[in-house]
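Report on one structure; see the data block that follows.
The values are calculated or read from the model by the stated rules, or taken from the named source; none is laboratory data. On a predicted model such as this, the values are computed, not experimentally measured, just so you know. Cβ coordinates were reconstructed from backbone atoms using ideal geometry, including for glycine residues, and neighbour counts include every protein chain displayed.
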Amino acid sequence: MTFQSTLEEIYAEVRPMSGEGEVADYIPALAQIDSTKFGIAIETIEGECFQVGDAAERFSIQSIGKVFNLALCVGIAGDRVWDRVGMEPSGNPFNSLVQLEVEGGIPRNPFINAGALVVADTLLDHLDNPNEDLLDFVQKLRGSDVHFNQKVVNSEKQHGHINTALLHFMKAHGNLNHEVDDVLDAYYHQCSIEMGCAGLARSFLFLANGGVVPGTGARVLAASQAKRVNAVMLTCGFYDQAGMFAYLVGLPGKSGVGGGIVAVIPGKLAIAVWSPKLNSHGNSVLGIKVLELFTTRTGMSIF
């Protein structure tokens, strides 16, 4: 069975579940998305592409962008990134103020909101134009142009009160170097990147290829750094459902409340799914089911 036929079978099997879940309506720009959209794409390190459904349509990747921010930051600052943010699973909602208070303003990991905000703040230490530099970085990974959705940026700025509170709390604990509004601007632009499943899977291939972009040979991260980013994705990439995702799917990956999920099989491929309806943890209902079926039927996981 080829990857294409596998995707087509899984797509047909999972499609009837499309009524389950809810869109992320607390971000008004996301609430307007057609909740029936559904796409899957695979990109291999050998350059093959397989896709089904709405895989080419662009969507807001939201927290998946935290991986790009982390990779860019690790490439610039190295292990100093971990001086201000941890690498442990949170076990709590992605925007928890309670956990941040208990832990003295040090975010548990870079994929909860507080942690991603600290990573954005660290990038501001090194970059004069963080939004443009991030786009350039992602374009290098993807091999073609990407852009921000300014409507999503504005929507998040108008309704991001908890993120603002997280930043003020960390600033009070001495874990913020820049102005709150500047960090928020970088963070919201990161979340508003738009890509389709095929482009998203392609942009994650460097993590399946030891830090090197297939095709161009550009080294983005050292092999050890790519391994560590993958490790943090496995343990922390799915909010407070990370353990269940590892159990069901068995791959490093990252989700976003725009309905996207991307995962990598080191040495082989990246797979991305988009379906906007989310479960109570903020992860795509169809996306998790697709990846569970894919790794079960192909036998391809890291375990």
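Here is how the numbers come out for the structure above:
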| read-out | value |
| --- | --- |
| Qualifying residue in segment 273-285 (condition: part of a helix (DSSP H, G or I) and either modelled with pLDDT of 95 or more or over 12 Å from the mean Cα position of the chain (by Cα) (or both)) | yes |
| Count of segment 60-109 residues which are in contact with a strand residue (DSSP E or B) (Cβ under 8 Å, 6 or more places away or on another chain) and either among the basic types (K, R) or outside any helix (DSSP H, G or I) (or both) | 3 |
| Flag for V52 being buried (at least 16 other Cβ atoms within 10 Å of the Cβ) and either more than 22 Å from H173 (Cα to Cα) or free of Cβ contacts under 8 Å to residues at least 24 places away in the same chain (or both) | yes |
| Residue count for segment 87-101, restricted to those that are surrounded by 18 or more Cβ atoms within 10 Å (Cβ to Cβ), of a type outside the set (S, T, Y) and more than 15 Å from A165 (Cβ to Cβ) | 1 |
| Residue within segment 250-257 that is under 16 Å from the mean Cα position of the chain (by Cα), surrounded by fewer than 22 Cβ atoms within 10 Å (Cβ to Cβ) and of a type in the set (G, A, S) present | no |
| Residue check for G104: surrounded by fewer than 17 Cβ atoms within 10 Å (Cβ to Cβ), touching a helix residue (DSSP H, G or I) at 6+ places or on another chain (Cβ under 6 Å) and either under 26 Å from H189 (Cα atoms) or at pLDDT below 95 (or both) | no |
| Selection count, segment 153-185, where residues are among the hydrophobic types (A, V, I, L, M, F, W, C), in contact with a Pro (Cβ under 8 Å, 6 or more places away or on another chain) and either surrounded by fewer than 23 Cβ atoms within 10 Å (Cβ to Cβ) or modelled with pLDDT under 95 (or both) | 0 |
